[in-house]
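Everything below concerns the one structure shown next.
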Amino acid sequence: MSESDQISRSVDKTLAPKPRDSATLIIVDTTDGEPRILMGKRGPDQVFMPGKYVFPGGRVDAADRNVETIDELHEADAAKLLIEMRDTPSAVRARAIALAAIRETFEETGILVGAPGQPQRPVETDAWKGFYTHGFMPQLSQIRFFARAITPPGRPRRYDSRFFYADVSAVGLRTEIIDGELSSLDWFSFDEMRALDLPAITRVVLEDLIDRLKLDLEGFPATEAAVPFYRHKNGASRRQLLSL
């Protein structure tokens, strides 16, 4: 390799965006027997995954670290979130990631995953003020961690995304206040989702969700369920299983 190529690769590595913590929440409705999943379409002018159908979700905000909740994450999920966590692992950060999933779902779909209650401390951000205004508090025990993926290098934005799911029974309230980031919001069967314009990682995670839901139906302990983790390492795509 020439000296100029080495410098170029060094500069590219320096300028490559660092993955940011993000979270996604998949709401599963089995009311009519066949599971249906809430998805929406990203706008064509958005930098990240334009025009694709995705699950509600987004990056973690600083305010997500200081949110009052009805209860806490399942102990096993909190522990799995810490496995292979980049930078400085912490329980506070793991909790914030889960809360981001609930907040983003509220912002993008108007759905509150929570139970009636009011915070005891002042609420600092508009997003969480809007959530609490409806008389509900987030309920972390209702969401389960089941997959993780880091955006490959070379993308304009990169995220370290954790995927959660919750049964529709965890929805405390549905409002019509949404931020417009997702259009064409609707409930889709798995077969219908496979026919949509989905990001590649969404297709992969969709199959992981199907497998996890089957385990739930079979009564397999959630504490023992491994979490698939997708990332690029040494130029190749890797799938690792995170387990306790």
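Could you grab the pairs with beta carbons closer than 7 Å, sequence gap of 6+ or different chains, first residue in the range 66-90 and surrounded by 16 or more Cβ atoms within 10 Å (Cβ to Cβ), second one of a type outside the set (A, V, I, L, M, F, W, C) and in a loop (DSSP other than H, G, I, E, B)?
Ile70/Gly117
Among the residues of the range 178-196, count how many are outside any strand (DSSP E or B), touching a residue at least 40 places away in the same chain (Cβ under 8 Å) and under 23 Å from Thr30 (Cα atoms).
4
Out of Gly130, Gly154, report the one residue that is in contact (Cβ under 8 Å) with a residue 40 or more places away in the chain, part of a helix (DSSP H, G or I) and over 29 Å from Ala76 (Cβ atoms).
On inspection, the qualifying residue turns out to be Gly130.
Pull up the range 232-244, narrow it to residues that are assigned to a strand (DSSP E or B) and of a type outside the set (A, V, I, L, M, F, W, C), then point me to the one that is surrounded by the most Cβ atoms within 10 Å (Cβ to Cβ).
Checking each candidate, the answer is Gln240.
Assuming Ala98 fulfils every condition listed in (1) under 21 Å from Lys52 (Cβ atoms); (2) in a helix (DSSP H, G or I) apart from one, which condition is it?
Here Ala98 meets the rest and fails (1).
Please indicate, with yes or no, whether at least one residue in the range 37-54 is assigned to a strand (DSSP E or B) and exposed (fewer than 15 other Cβ atoms within 10 Å of the Cβ).
Filtering the range 37-54 down to residues assigned to a strand (DSSP E or B) leaves 37-42, 53-54.
So of that shortlist, the ones also exposed (fewer than 15 other Cβ atoms within 10 Å of the Cβ) come out as none.
Scanning the range 37-54, I find no residue that is assigned to a strand (DSSP E or B) and exposed (fewer than 15 other Cβ atoms within 10 Å of the Cβ), so the answer is no.
Report, by residue number, each residue of the range 160-201 that is modelled with pLDDT of 95 or more, of a type in the set (S, T, N, Q) and touching a strand residue (DSSP E or B) at 6+ places or on another chain (Cβ under 8 Å).
Ser161, Ser189
Return the residues of the range 152-197 that are in contact with an Asp or Glu (Cβ under 8 Å, 6 or more places away or on another chain) and of a type in the set (Val, Ile, Thr); say none if nothing qualifies.
Scanning the range 152-197 gives Val168, Ile178.
If Phe229 meets every condition in (1) of a type in the set (A, V, I, L, M, F, W, C); (2) more than 14 Å from Val54 (Cα to Cα); (3) not in a strand (DSSP E or B) apart from one, which number is that one?
Single failed check for Phe229: (3).
Run down Glu72, Glu84, Glu108 and say which single residue is modelled with pLDDT of 95 or more, out of contact with any helix residue (DSSP H, G or I) (no Cβ under 9 Å at 6 or more places or on another chain) and among the acidic types (Asp, Glu). Spell out how you get there, then give the answer.
Working: Glu72 fails: out of contact with any helix residue (DSSP H, G or I) (no Cβ under 9 Å at 6 or more places or on another chain); Glu108 fails: modelled with pLDDT of 95 or more.
From the options Glu72, Glu84, Glu108, the qualifying one is Glu84.
The values are calculated or read from the model by the stated rules, or taken from the named source; none is laboratory data. On a predicted model such as this, the values are computed, not experimentally measured, just so you know. Heads up, the Cβs are rebuilt from the backbone with ideal geometry, glycines too, and the neighbour counts pull from every protein chain shown.
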